[in-house]
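Trainee: Dumping the structure here so I can ask a few things about it.
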Amino acid sequence: MLAARGETLQDTAGFCHGPPNLEFSVNSGTAADFTRPAGWTDGVNSARESLSVYNSGMHIVLLRVALALYSIGLLHSVLTVLSKKYTFFRSSLVAVVAGFACHAMAIVIRAGELNYMPLTQRYDAFSFFAAVAMLGYLIAYVRYRIVSLSVFVFPVVFLLTFIANVAYDPSASTIPAAIQNNWIYIHTPLIFLGYAALSITFAGSIMYLIQEHGLKSKNRTGIYDRLPALEVCDDLSYRSLAIGFPLITLGIISGALWAQLEWGQFWGTDLKIVLSLFTWLIYLALIYYRLITGWRGKRAAYLAIAGFISVLISFLGAGYFGGLHSFTG
Amino acid sequence: MQLTLVGLSHKTAPVEIRERLAFGDGDLDQALKSLTSRNGVSGGMILSTCNRVEVLAEAPDEESIREFLCSYHRVPTENVTNYMYAFRNNDVIRHVFRVAASLDSMVVGEPQILGQIKEAYRLAQDAGTTGMHIGPVMNRAFVVAKKIRTETAIARSAVSVSYAAVELARKIFGSLEGKNVMVIGASKMGRLAAKHLKRNGVSSVLITNRTFERAVEMARVFEGAAIPFEQLGDHIDRADIVISSTGAPNLVITKPQVERIIRRRRNRPVFFIDIAVPRDIDPAVNDIDNVFLYDIDDLQQVVDENLKDRMTAAARAEEIVDNEVEAFCSRMQSREVAPTIVAMQAALEKLRRDEIERYRNDLGPLSDGQQEAFHRMTQSMIRKILHSPISKLKELARHPDGQEQVELIRKIFNVQGK
């Protein structure tokens, strides 16, 4: 593994509250060095160096294969809904499952080469988001067998994977010192799995609204008869919310703990953290109204959509907000 | 192939004629035997439903079949001939495929006809009258019918008002299992909708009517519970689906009432079906979240649209039938010329051996190599002689009017077809 010194991130200063007075330098980038729980067990801040990493390029090849397979899957899922022929859907499913396998492999290889959570660059984050969204779809499909859900999820997955491909920058290969910490293995997977579940909530809500509009207006055009029953859409949204909300809650708590142990305070000041809290409050309200006042259907769907837009803003905007959650490449 | 079909259906004959020519289930065995005992008829099958009577037979002409139908029912031929249709060979196959796929039904796409044909075929099998060709035709017809059912939307949506109600309930609730229905009023339409819902899995039916006795009587039929009309308000919360069809001149269910209901149900959806004229339920109810109201016109509109869809699907189904008929006929026919080809080859081969035998002694002593060459030469001559007739035969087999020319080739080579 290659190691290069000297590339500290400007961000670091913004996040290390209090001067990084304890010099704790990693001498030559072995895996154990930067994944060691330095700093958070004893609550002592430490300044680490950014690490550059090995990059075989294999992961990007796999990701491009996955992208190609996703595009086949997307095409066939649209054809399924347009033609109502389920033979198309079989091909679609085969393509996305194969694509997901390549995608997962790409992420594992990337993680192995980085020897770190593959989430620090824009490329990695988008790829990871796409993979968990696809995972969410596959789980929902196994449980509900809703074919039309694919029409709402596959474009999102395709787009995220596509952005990952475009954003890939082989020269950007350092991991900022500020986030070299084992907490990342708890904090980010929780948040991303939460996102995956909430993207299903979002898709379920959109399907609900389309279906509800069709039934109320008695105007049965478009994809009305290719969508699942209203109660199924509502159930799908609710259940995925019931999975997604605890995940992002734990994700936020773990982030707060990380910040507390590392920097002595729960909240950072970057915009993403603020937005995440806002997002969390929307979903909290949704859970509250669903449980306490028995909201369901249309109003719940609107709120779920608002919540997911907030998720997207905080995710997509992360790169531009600056701060700890911005990407390194 | 000598297939003939003679029949009459709702499209060609009024019920007074159809009923006179219909066969009872018990008579079919006897009728089939009587049919196949006729001169020139080597196989037969009879389909008799309330909408059609058809006789499919392996017979050279339709006249004998028409005669059979009339004499069996003791009806003068001239009285009914005008109501009948007759098909021969390829047209028989097309007709059978269309009927099995429910393209010729009164309600296109209705599913019963296929079962009725299967039953008629089974009866013919039991009677041992299916002959040579009826089996393959019917088996293919069943495959084609299934293919059309799965590949087109011909039978996908509801085409009656009461079934449209079920379809909509499914769109709202998904599974109807565990759902409760309340029927207000005891009209025929209300009963029908309740019956369909019950058959599709709703778990309980509550019935209320101004005349309590009628509610009780209906409750017995649906294994439901009767509720006095005055207590309607106490029980309506429980209902996921409400069918109203009273003869009341004014509204039975108002918007404030439904708002209360939906609050008490904690927003669980309710599907109101108002099939009364004048209407029983305030149309403004549809504006409330999680409440869906369909009146008789809305349901009729659903039915009309579904019928339109069905017509589109039927056009697509006709294309499938066309392709299938063509494929099936050419398969049948090339199967028919196969024995002719084999017979021609065998006849010439025999000729070759006989002639070699005859002239063997005149040839004098031959080495093994020479003998071998001699055989090869004669075999090659036969192959070359037969090449053109065989390829012509195969070509003619696919042609609808090729039958006569096939016959001519058989005569020239002096071989039998079978």
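Computed from the coordinates by the stated procedures, all read-outs in this text should not be read as laboratory data. Everything numeric here is computed off the predicted structure, so don't read it as measured data. Here the Cβ positions follow ideal geometry from the backbone for every residue, glycine too, while neighbour counts run over all protein chains shown.
Trainee: At 20 °C and 1.002 mPa s, grab the translational diffusion coefficient of the stretch B:343-397 from Stokes-Einstein with a Kirkwood Rh over Cα pairs, rounded to a whole number in µm² per second. List each step's numbers first, then the result.
Mentor: Numbers: Rh = 12.6 Å.
The diffusion coefficient I find is 170 µm²/s.
Trainee: Summarise the partner chain shielding of B:171-177 as one whole number: the mean count of Cβ atoms from other chains within 10 Å of each residue's Cβ.
Mentor: 5
Trainee: Moving on. How tilted is helix B:296-359 with respect to the longest principal axis of chain B? Cα atoms for both, answer in degrees (0 to 90, nearest 10).
Mentor: On a 0 to 90 degree scale, this one is about 10.
Trainee: With N denoting the number of residues in the stretch B:257-377, provide Rg(C-alpha) divided by 2.2 N^0.38 Å, to two decimal places.
Mentor: Ratio of Rg to 2.2 N^0.38 Å for the stretch B:257-377: 2.94.
Trainee: So what J values fall out for the stretch A:199-214 if you push phi through Karplus, 6.51 cos²θ - 1.76 cosθ + 1.60 with θ = phi - 60°, rounded to Hz, Gly and Pro as x?
Mentor: Residue by residue, the stretch A:199-214 yields 5, 6, 4, 4, 4, x, 5, 5, 4, 4, 5, 5, 5, 5, 4, x Hz.
Trainee: Binning at 10 angstrom from zero up to the longest distance, how are the C-alpha pair distances of the stretch A:186-258 distributed in percent?
Mentor: Cα pair-distance distribution for the stretch A:186-258, in percent: 22, 36, 22, 14, 6, 0.
Trainee: Using the alpha carbon gyration tensor of the stretch B:45-114, what are the three equivalent-ellipsoid semi-axes (square root of 5 times each eigenvalue), largest first, in whole Å?
Mentor: Each semi-axis is √(5λ); the values are 23, 15, 10 Å.
Trainee: Follow-up. Around B:VAL285, with a cut-off of 10 angstrom between Cβ atoms, what is the net charge of the other residues, counting Lys and Arg +1 and Asp and Glu -1? Display every interim value, and only then the final one.
Mentor: Working: positive: B:LYS255; negative: B:GLU259, B:ASP274, B:ASP282, B:ASP287.
Once positives and negatives cancel, what remains is -3.
Trainee: How big is the C-alpha Rg of the stretch A:81-150 next to the rule-of-thumb value 2.2 N^0.38 Å, as a ratio? Show your work: numbers first, answer last.
Mentor: On the way: Rg = 14.6 Å, N = 70, 2.2 N^0.38 = 11.1 Å.
Cα-based Rg divided by the globular estimate yields 1.32.
Trainee: With a point put 7 Å past each Cα toward its Cβ, work out how far B:GLU67 is from A:TYR289 in nm, to one decimal.
Mentor: A separation of 8.2 nm, rounded to one decimal place.
Trainee: Using C-alpha positions alone, give me the convex hull volume of the protein assembly as shown per residue in cubic angstrom.
Mentor: Values: hull volume 181.2 nm³, N = 747.
Cα convex hull per residue, to the nearest whole number: 243 Å³.
Trainee: Any chance you could tell me what percent of the C-alpha pair distances in the stretch B:165-234 go past 19 Å?
Mentor: 30 percent
Trainee: Hey, what does the equivalent ellipsoid look like for the stretch A:195-310, semi-axes from the Cα gyration tensor as sqrt of 5 times each eigenvalue, largest first, whole Å?
Mentor: 34, 12, 11
Trainee: How charged is the neighbourhood of A:ALA306? Take every other residue with its Cβ under 15 Å from the Cβ of A:ALA306, and add Lys/Arg as +1 and Asp/Glu as -1.
Mentor: My count for the surroundings of A:ALA306 gives +3.
Trainee: For the stretch B:326-367, what Kirkwood radius comes out of the mean inverse Cα-Cα distance, in Å?
Mentor: 13.0 Å
Trainee: Projecting each Cα onto the charge dipole of chain B (Lys/Arg +1, Asp/Glu -1 at the beta carbon, about the Cα centre), which of B:GLY135, B:ALA397, B:PHE374 comes out farthest on the positive side?
Mentor: Ranked along the dipole, the leading option is B:PHE374.
Trainee: While we're here: Ignoring everything except DSSP H segments at least 4 long, calculate the 222 nm mean residue ellipticity for chain B; use -39,500 (n - 2.57) per segment, divide by total residues, nearest 500.
Mentor: Values: 15 runs with 233 residues, N = 418.
After summing the helix terms and dividing by the residues of chain B, the value is -18500 deg cm²/dmol.
Trainee: Between the helical axis of B:112-127 and the dominant principal axis of chain B, each derived from Cα atoms, what acute angle in degrees is found, rounded to the nearest 10?
Mentor: 40 degrees
Trainee: Pick from B:ALA313, B:ALA124, B:ALA327: which residue has the top mean-square fluctuation in a GNM of chain B where Cα pairs under 10 Å get a spring?
Mentor: Most flexible of the set in this elastic network: B:ALA327.
Trainee: Counting other beta carbons within 10 Å of each Cβ, put B:VAL137, A:VAL96, B:VAL92 in order, fewest first. Please report the intermediate quantities before stating the final value.
Mentor: Values: B:VAL137 21, A:VAL96 28, B:VAL92 24.
So the ranking, lowest neighbour count to highest, is B:VAL137, B:VAL92, A:VAL96.
Trainee: Calculate how steeply helix B:212-222 sits against the longest principal axis of the alpha-carbon atoms of chain B, using the helix alpha-carbon long axis, and give the answer as 0 to 90 degrees to the nearest 10.
Mentor: 30 degrees
Trainee: Additional query: Taking the Cα-to-Cβ direction at B:ASP287 and at A:ALA242 and moving 7 Å from each Cα, how far apart do the two end points lie in nm?
Mentor: 3.5 nm
Trainee: Next question. What number results when the radius of gyration of chain B, computed over Cα atoms, is divided by 2.2 N^0.38 Å?
Mentor: For chain B, the normalised Cα radius of gyration comes out at 1.51.
Trainee: Could I ask something else about it? Per residue and in cubic angstrom, what volume does the convex hull of the Cα atoms of the stretch B:114-230 have? Mind dumping the intermediate values first?
Mentor: Values: hull volume 16.6 nm³, N = 117.
Looking at the stretch B:114-230, the number lands at 142 Å³ per residue.
Trainee: Summing +1 for each Lys or Arg and -1 for each Asp or Glu, what net charge is found among the other residues whose Cβ lies under 10 Å from the Cβ of B:ALA239?
Mentor: In short, +1.
Trainee: Let me ask something additional. Please return the longest stretch of chain B lacking exposed loop sites, where GluC sites (Glu not before Pro) count only if DSSP places them in a loop and at most 11 other Cβ atoms lie within 10 Å.
Mentor: Counting only loop sites that pass the neighbour cut-off, the longest clear stretch is B:224-418.
Trainee: Provide the percentage of antiparallel DSSP beta bridges, counting only those with both residues in the protein assembly as shown; round to the nearest 5.
Mentor: Numbers: 19 of 43 bridges.
Percentage antiparallel, nearest 5: 45.
Trainee: With respect to the cross-link table entries B:LYS146/B:LYS195; B:LYS384/B:LYS411; A:LYS84/B:LYS146, which display a Cα-Cα separation exceeding 25 Å? Kindly include the intermediate steps, with their values, before the conclusion.
Mentor: Details: B:LYS146/B:LYS195 27 Å; B:LYS384/B:LYS411 20 Å; A:LYS84/B:LYS146 17 Å.
Table pairs above 25 Å Cα-Cα are B:LYS146/B:LYS195.
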